[in-house]
Amino acid sequence: GQQLNQSPQSMFIQEGEDVSMNCTSSSIFNTWLWYKQDPGEGPVLLIALYKAGELTSNGRLTAQFGITRKDSFLNISASIPSDVGIYFCAGQLLVSNFGNEKLTFGTGTRLTIIP
Amino acid sequence: NAGVTQTPKFRVLKTGQSMTLLCAQDMNHEYMYWYRQDPGMGLRLIHYSVGEGTTAKGEVPDGYNVSRLKKQNFLLGLESAAPSQTSVYFCASSLSDTQYFGPGTRLTVL
């Protein structure tokens with residue numbers, strides 16, 4: 001099955017640093033989603049993108065829907081300890097209004113903040 | 001409003017045993033999904049359902065069965081567990097594009 005290529009796999013940063021991660025696919029999507037997973041919990045949606053070129057912010061998080069529809073980027077500014085976790089991108093291609101809502105997930109980026 | 005709940009949270013099985021994982025959602029969502037999460041592989045879709053009484057295969061359906069007899073519940077069954085099914089299982093539900101995930105079930109098959 002298809003998986004999205006997400007990079008980097010892991011990041012070790014100091015508090016206050018900015019973070020960038022990205023996701024690429026061999027096929028196009030018409031929706032990109034970014035999730036965060038805390039240890040022992042399920043993923044939680046951070047940002048949803050619906051249009052090629054779209055740039056959307058949610059607090060210190062900014063995500064972009066790549067113009068080719070095959071990639072997406074997530075940036076976190078001025079990282080804080082609660083940003084620690086695993087970040088997943090997910091792509092979705094809706095076939096019709098009643099089509100399935102299947103997501104294809106990236107392999108995740110594990111973010112660690114060094115004291 | 002509990003969102004998506006999963007039962008049990010942890011389980012250890014012996015090879016060949018069977019079990020059922022229960023997912024419940026109270027958001028009146030039409031779509032429900034079962035994923036497995038393995039290290040370095042993200043989440044992979046096992047089965048999904050687009051409404052009560054309907055189910056469909058996802059990316060990795062072999063060795064699993066599902067049922068959606070009631071809109072709020074989605075059951076994942078393992079008829080004869082194998083060590084390769086050791087994983088963390090997540091259920092999710094959605095109305096449209098936003099999927100809401102449960103807390104997960106950690107299953108170990110010895």
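Based on protein heavy atoms only, the stretch B:15-89 ends up with 44 Å² per residue of surface accessible to a 1.4 Å probe.
Computed from Cα atoms alone, the Kirkwood hydrodynamic radius reported for the protein assembly as shown is 18.0 Å. Site pair residue B:50 and residue A:67 shows an inter-label distance of 3.5 nm when each label is modelled 7 Å from Cα along Cα→Cβ.
Treating the Cα atoms of chain B as identical point scatterers in vacuum, please give the log10 of the normalised Debye intensity I(q)/I(0) at q = 0.17 Å⁻¹, two decimals. Evaluating at q = 0.17 Å⁻¹ gives log10 I(q)/I(0) of -0.72. Accessible surface ranking for A:38, A:18, 1.4 angstrom probe, highest first: A:18, A:38.
The residue among A:20, A:106, A:55 whose Cα reaches farthest toward the positive pole of the charge dipole of the protein assembly as shown, with charges on the beta-carbon of Lys, Arg, Asp and Glu, is A:106.
Here the relative contact order of the stretch B:1-100, from alpha carbon pairs under 8 Å that lie six or more residues apart, stands at 33 percent. Taking each residue as 0.36 nm, the span from residue B:67 to residue B:41 lengthens on full extension beyond its C-alpha to C-alpha distance by 6.8 nm. Taken about its Cα centre, chain B carries a charge dipole of roughly 320 debye when the Cβ of each Lys and Arg holds +1 and the Cβ of each Asp and Glu holds -1. Stokes-Einstein diffusion for chain A at 10 °C, viscosity 1.306 mPa s, with a Kirkwood radius from C-alpha pairs, works out to 111 µm²/s.
On a per residue basis, the stretch A:1-86 carries 50 Å² of accessible surface, using protein heavy atoms and a 1.4 Å probe.
Charging the Cβ of each Asp and Glu at -1 and of each Lys and Arg at +1, and nothing else, the dipole of chain A about its Cα centre rounds to 380 debye. Charges were assigned to the Cβ only: +1 to each Lys and Arg, -1 to each Asp and Glu. The resulting dipole of the protein assembly as shown about its Cα centre is roughly 480 debye.
Accessible area per residue (1.4 Å probe, heavy atoms of protein chains only) ranks B:10, A:29 as B:10, A:29, with the largest value leading. When chains A and B come together, the accessible area they lose, probed at 1.4 Å and totalled over both chains, is close to 1700 Å². At what distance in angstrom do the alpha carbon centres of the stretch A:63-89 and the stretch B:64-97 lie from each other? Going from one Cα centre to the other spans 28 Å. Maximal additional length on extending the residue A:114-residue A:13 stretch stands at 35.8 nm, based on 0.36 nm per residue less the C-alpha distance.
The values are calculated or read from the model by the stated rules, or taken from the named source; none is laboratory data. In this text the structure is predicted, and so the values were computed from the model without any measurement. Heads up, the Cβs are rebuilt from the backbone with ideal geometry, glycines too, and the neighbour counts pull from every protein chain shown. Ligands, DNA and RNA are excluded from the accessible area calculation, which covers all protein heavy atoms including side chains. Shrake-Rupley method; radii C 1.70, N 1.55, O 1.52, S 1.80 Å.
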